[in-house]
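Trainee: Following this message is one structure expressed as structure tokens.
The values are calculated or read from the model by the stated rules, or taken from the named source; none is laboratory data. Quick caveat, the model's predicted, so the values are computed rather than measured. Positions of Cβ are generated from backbone atoms using ideal geometry, with glycine treated the same way; all protein chains shown enter the neighbour counts. Protein only, heavy atoms only, side chains kept; ligands, DNA and RNA dropped before computing areas. Shrake-Rupley method; radii C 1.70, N 1.55, O 1.52, S 1.80 Å.
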Amino acid sequence: MFYPLQLDLSDKSRLEQAAVVLNPASSKRLIGQAVAALPEVKNAYANGRLAVSTSTSSVFVLEALTGEKVSPYCYSVGMVAGGMLTSSIPDDREVPRFFLKGEKVEMEARDFFNDMEKGDCVVKGANAVDPQGNIGVLAANPQGGTIGAIMSRVAVRGVPAIFPVGLEKSIACVPGAAAGWGQLSLSRCMGLPSWLFPVTSGLAVTEIQALGVLAGVAVRHIASGGIGGSEGAVVLLLEGYEENVARAWDLVQSVKDEPAVEVPRHKFCE
């Protein structure tokens with residue numbers, strides 16, 4: 001499901017509208033700021049256990065929350081890059097960041113997840129989101145990798161799992177996309193044989209929820225795509241009171257120059 005929003009738009013006479021364009025990297029920055037501001041994330045970071053699992057989107061959450069700057073490429077394992085389902089080079093990788101009451105701890109992911117309880121939280125990137133807020137995560141690991149560990153150790157306990165995911169990754173239906181195939185059923189694959197792991201119990205945070213959380217505006221996704229560096233862009237309609245629309249506009253402007261995520265090398269291109 002999508003992260004729930006509570007917006008006050010009751011005075012229709014005061015509503016204003018604006019249209020904005022966000023490229024994928026700018027969306028990651030904006031969504032990262034919003035996820036870091038969520039009460040579930042802030043409380044887990046300050047008072048419990050917070051896992052910021054590896055993904056390029058998670059980097060922006062990490063920086064907004066702690067100030068630590070990490071290369072998005074190095075904070076990623078599986079990725080879609082160079083037209084391939086691929087992965088980063090092991091020597092290049094940063095370890096995932098786990099926090100216990102604000103202090104960084106180094107542990108295996110499964111061990112950290114095993115100790116999670118009420119009040120804790122996990123942040124995990126995603127590869128797909130559908131109109132119902134279902135999440136899809138590509139898994140090349142035969143045991144399901146990080147998302148498998150999250151679902152079997154975290155979600156089963158009701159610990160919130162937050163998924164920052166840009167609308168560029170919108171698909172029609174995650175459960176439908178995941179049905180009827182798997183890693184071993186593929187006779188050919190451009191890169192690592194993977195499966196789309198469906199997640200119906202996570203909390204998806206897209207640009208829509210991000211601008212709702214940070215600026216109090218309602219957002220509609222009205223177009224996608226572009227050329228000349230705007231491939232993967234999303235066009236959004238903002239609706240709200242003047243002060244909220246102005247705040248949202250300034251937020252978008254502040255992330256507009258975010259550089260595209262660079263991939264210096266990967267499994268199929270060293």
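Trainee: Restricting things to Cα coordinates, could you compute the convex hull volume per residue of the chain in Å³?
Mentor: Output value, Cα hull per residue: 133 Å³.
Trainee: Can you tally the net charge around GLY202? Count Lys and Arg as +1, Asp and Glu as -1, for every other residue whose Cβ sits under 13 Å from the Cβ of GLY202.
Mentor: Value of the local net charge: -1.
Trainee: Still on this structure, I have one more. Per the helix-only calculation at 222 nm, which mean residue ellipticity applies to the chain, given -39500 (n - 2.57) for every DSSP H run of n ≥ 4 and division by its residues, nearest 500 deg cm²/dmol?
Mentor: -8500 deg cm²/dmol
Trainee: Excluding residues on the same chain fewer than 8 positions from LYS267, give the lysines whose Cα lies under 27 Å from its Cα.
Mentor: LYS28, LYS69, LYS124, LYS169
Trainee: What size of dipole, in debye to the nearest 20, comes out for the chain about its Cα centre when the only charges are +1 on Lys and Arg C-beta atoms and -1 on Asp and Glu C-beta atoms? Mind showing how you got there, number by number?
Mentor: Numbers: 23 positive and 28 negative charges, 112 e Å.
Rounded to the nearest 20 debye, it is 540 debye.
Trainee: Only loop residues by DSSP count here, and only those with at most 10 other Cβ atoms within 10 Å; note down the trypsin sites (Lys or Arg not before Pro) in the stretch 112-161 that meet that.
Mentor: LYS118
Trainee: How large is the accessible surface of THR56 in square angstrom, using a 1.4 angstrom probe and rounding to the nearest 10?
Mentor: The accessible area comes out at roughly 30 Å².
Trainee: Of the candidates ALA36, ALA161, ALA223, which one comes out as most mobile in a Gaussian network treatment of the chain with C-alpha springs shorter than 10 Å?
Mentor: Between ALA36, ALA161, ALA223, it is ALA223 that shows the largest mean-square fluctuation.
Trainee: Another one. Take the chain, connect every pair of alpha-carbon atoms lying under 10 Å apart with a spring to form a Gaussian network, then pick out the residue of ASP91, ASP130, ASP111 with the largest mean-square fluctuation.
Mentor: Residue with maximal mean-square fluctuation among ASP91, ASP130, ASP111: ASP91.
Trainee: Right, here's the next one. From a point 7 Å beyond the Cα of ARG265 in the direction of its Cβ, which residues of the stretch 71-108 have a backbone N at a distance under 20 Å?
Mentor: Only 71-95 pass the distance filter.
Trainee: Same structure, new question: Decide, for the stretch 66-150, between rounded, prolate and oblate: order the square roots of the alpha carbon gyration tensor eigenvalues as a ≥ b ≥ c, take rounded if a/c falls under 1.5, and otherwise choose prolate if a/b is larger than b/c, else oblate.
Mentor: It comes out oblate by the Cα gyration axes.
Trainee: First obtain the Kirkwood hydrodynamic radius of the stretch 52-98 from its Cα pairs, then insert it into the Stokes-Einstein equation at 20 °C and 1.002 mPa s, and state the resulting D in µm² per second as a whole number.
Mentor: Approximately 197 µm²/s, per Stokes-Einstein.
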